[in-house]
């Protein structure tokens with residue numbers, strides 16, 4: 001997927017999700033292609049924003065020379081790891097409970113559904129990672145629930161009566177995984193940077 005195709009998918013998912021899910025459901029792209037040409041671009045952009053935000057935090061607030069580059073780099077790597085794990089573990093969980101929602105049990109489709117639905121969250125993190133005060137930018141991330149709601153029918157053939165409850169489970173799982181992995185890696189970070197709680 002070239003750059004223009006990437007932005008076209010991004011635009012269509014955000015503005016015309018019903019149409020775009022039909023396109024995605026008909027595609028035969030491998031998961032590796034989905035990650036390398038779409039998901040990783042958004043995750044790495046957020047990682048870069050995390051690096052910049054952490055760098056200015058260290059420079060303007062802490063002014064600790066030893067942390068000048070090492071702390072921002074570790075924070076960026078943690079962000080990338082957290083987002084990757086959320087998508088992978090979340091996809092596996094969604095695939096594991098599809099029978100409860102009378103949906104198709106397909107790992108490939110479950111991963112695509114979770115990853116593409118997660119798009120708004122990855123986008124707003126790019127903004128929020130620049131500074132703590134911008135965390136309010138995460139609010140539009142709830143649009144991910146709507147993307148999942150529109151996508152589960154096309155991707156997993158979820159009955160209309162089960163789509164809302166399935167979407168709520170998606171939201172709970174996503175928030176739970178974000179919290180768990182962020183806290184876990186935050187603890188590891190505190191071990192590396194002793195006496196410093198991070199951004």
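Derivation of every value follows stated rules applied to the coordinates shown; laboratory data play no part. None of the values given here were measured: they were computed from a predicted structure. Neighbour counts run over all protein chains shown; Cβ positions are idealised from the backbone, glycine included.
Using a Gaussian network model of the chain with C-alpha springs under 10 Å, which one of 47, 96, 141 is most mobile by mean-square fluctuation?
96
If I build a Gaussian network model for the chain, linking alpha-carbon pairs within less than 10 angstrom, which residue out of 116, 101, 166 has the largest mean-square fluctuation?
101
Which Rg and Dmax, in Å, describe the Cα atoms of the chain?
So, for the chain, Rg and Dmax equal 17.8, 57 Å respectively.
If each of residue 28 and residue 172 carries a label point 7 Å out from its Cα toward its Cβ, how far apart are those two points in nm?
The two pseudo-label positions are separated by 3.9 nm.
Roughly how tilted is helix 107-117, in degrees to the nearest 10 and between 0 and 90, from the longest Cα axis of the chain?
60
Could the peptides 78-86, 177-185 be put in order, highest first, of the mean number of other beta-carbon atoms found within 10 Å of their residues?
On the way: 78-86: 20.1, 177-185: 15.3.
My ranking of the peptides, most packed first, is 78-86, 177-185.
With axes computed from alpha carbons, what is the tilt in degrees of helix 143-156 against the longest principal axis of the chain, rounded to the nearest 10 within 0 to 90?
Value to nearest ten degrees: 40.
Give the Rg (one decimal place) followed by the Dmax (whole number) of region 70-167, computed from C-alpha coordinates and expressed in Å.
Computed over the Cα atoms of region 70-167, radius of gyration and Dmax are 15.1, 50 Å.
What residue among 121, 89, 111 shows peak mean-square fluctuation when the chain is described by a Gaussian network model with Cα springs under 10 Å?
Ranking 121, 89, 111 by mean-square fluctuation puts 89 first.
Using only Cα atoms and rounding to the nearest 10 degrees, what angle (0 to 90) does helix 160-192 make with the longest principal axis of the chain?
20
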